[in-house]
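The values are calculated or read from the model by the stated rules, or taken from the named source; none is laboratory data. Bear in mind the structure is a predicted one, so any value in this text is a computation, not a measurement. Counting neighbours? That spans all protein chains shown, and the Cβs are built from the backbone with ideal geometry, glycine included. We work out accessible area using only protein heavy atoms, side chains counted, and drop any ligands, DNA or RNA first. Shrake-Rupley method; radii C 1.70, N 1.55, O 1.52, S 1.80 Å.
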Amino acid sequence: MAKAASGEIPLTVPTSGPPAVKDKTIVTIPCSAAAQGCKFAVDQFAEAAHAIGWKTIMIDPAGDPAKMADAVNRAVSMKADGIFTVAIDSSTIQAPLKAANEAGLETICFSCIDEPELLVDELPAATQHEQDGYALAAQAFIDSGANLKAILLQDSEFGNTIRRQQGVVKFIDECKAAGASCELVGQQNFLVQDISTSLPKQTVALLRKNPGWNALFAPYDAPLTFVLPELRSAGLVQDGQRAYGFDPIDLNVKWIRDGDVEAGTVASPYKWIAYAGVDQFNRVFAGEQPVDQGVKDKLVIKSNAPGEGETYLGDSDPAAAFTQLWGVS
């Protein structure tokens, strides 16, 4: 499973679809424009929307749920045609999304969970998140020499992080059931607001109680940028002890590429998701149903890590295939 997740991910593009619907405006709402991954996702979407001939307007809620709700309301007020959100579960903005639906706006999200089913689509599909966690744990098992001693940092504020954590735990449970050597030796709950303040010291205390750990899992990579320097300063990282995450920023990829403590992460194909999202919007604007776009995340390890200054966008460039599908040059 780890080999498949870290190997070439073939691009899938629908074989047929409606021609480009003209003159549409999409409001993009990142979780926060200050978060590298969220901002990058809306930038890629803007590029794909421009390719089909549409306009985008970004509204930055700066990580504030109240401002996320206000951004949806503003999209309705400006009579936009659609909303593209990044890392914002539909339950977080449920009331304004219902109002947007009633006003005729369509919404698609990247890296979120759509409960209670208010969106046109989730990219990638909700099932992908648990698969990502399982594959990452499989890679950690390989790296550990088939003797996995895991520490799990848990943030249960977001639907996708919950499923990622479930995937890691599922692998450990199935590993033990099969008679192999896997153990969850420690857990630490935290909130996103804690990643640069209390979490690093809490992790130091946890690892001191469990010095035999060899795999530290974070539900997304941002906490590791604060936790790992703290662990190094405390002398708590030894040979054979590695960290794993999701949604890498440039620093995480550099660590993996350099063979540093972080050994693996799961990255989403930003450009593919952007074009797939525009295609789903185009279908519903044309009165058709959305289709399975087949988007899959990638397990990034040292052997396949992007080069310096590069961001993983997908293993193939989707632009030509989608613009041909839409009948635009």
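Within region 86-105, the presence of at least one residue that is without any contact (Cβ under 8 Å) to a residue 60 or more places away in the chain, under 24 Å from Asp64 (Cβ atoms) and within 15 Å of the chain's Cα centre (by Cα) is confirmed.
Just wondering, is there one or more residues in region 261-268 that are closer than 30 Å to Ala20 by Cβ, in contact (Cβ under 8 Å) with a residue 24 or more places away in the chain and buried (at least 23 other Cβ atoms within 10 Å of the Cβ)? Checked against the condition, which is being closer than 30 Å to Ala20 by Cβ, in contact (Cβ under 8 Å) with a residue 24 or more places away in the chain and buried (at least 23 other Cβ atoms within 10 Å of the Cβ), region 261-268 yields at least one hit.
Cβ separations smaller than 6 Å between residues 6+ apart or across chains give the following pairs from region 19-39 residues that are part of a loop (DSSP other than H, G, I, E, B) and basic (Lys, Arg) to residues that are modelled with pLDDT of 95 or more and open to solvent by 20 Å² or more (accessible area, probe 1.4 Å): Lys24/Asp81.
Taken over region 221-255, residues that are touching an Asp or Glu at 6+ places or on another chain (Cβ under 8 Å) and among the basic types (Lys, Arg) amount to 2. A Cβ distance below 7 Å, combined with a sequence gap of six or more or placement on separate chains, defines the contacts here; from region 1-18, residues that are more than 19 Å from Ala276 (Cα to Cα) reach no residue that is assigned to a loop (DSSP other than H, G, I, E, B) and among the hydroxyl-bearing types (Ser, Thr, Tyr). When Val76, Val72 are screened for being part of a helix (DSSP H, G or I) and open to solvent by less than 10 Å² (accessible area, probe 1.4 Å), only Val72 passes.
Checked against (1) surrounded by fewer than 20 Cβ atoms within 10 Å (Cβ to Cβ); (2) within 30 Å of Leu299 (Cβ to Cβ), Cys31 meets all criteria but (1).
I'd like to know if region 51-62 contains one or more residues that are under 30 Å from Asn304 (Cβ atoms), in a helix (DSSP H, G or I) and touching a residue at least 12 places away in the same chain (Cβ under 8 Å). Yes; the residues of region 51-62 include at least one that is under 30 Å from Asn304 (Cβ atoms), in a helix (DSSP H, G or I) and touching a residue at least 12 places away in the same chain (Cβ under 8 Å).
Examine region 72-80 for a residue that is at pLDDT 95 or above and within 18 Å of the chain's Cα centre (by Cα), and state whether such a residue exists. Taking every residue of region 72-80 in turn, none turns out to be at pLDDT 95 or above and within 18 Å of the chain's Cα centre (by Cα). Scanning region 86-118 for residues that are closer than 21 Å to Ala286 by Cα, open to solvent by less than 20 Å² (accessible area, probe 1.4 Å) and in a strand (DSSP E or B) returns Thr107, Ile108, Cys109.
The residue pairs whose first member lies in region 237-253 and is under 12 Å from Val266 (Cα atoms), whose second member is at pLDDT below 95 and of a type in the set (S, T, N, Q), and whose beta carbons are closer than 6 Å, counting only pairs six or more residues apart or on different chains, are Ile249/Gln36.
Under the condition of being open to solvent by less than 70 Å² (accessible area, probe 1.4 Å) and at positive phi, the residues counted in region 288-321 number 2.
Within region 221-265, being more than 27 Å from Gln131 (Cβ to Cβ), among the hydrophobic types (A, V, I, L, M, F, W, C) and not in a helix (DSSP H, G or I) holds for Ala234, Leu236, Val237.
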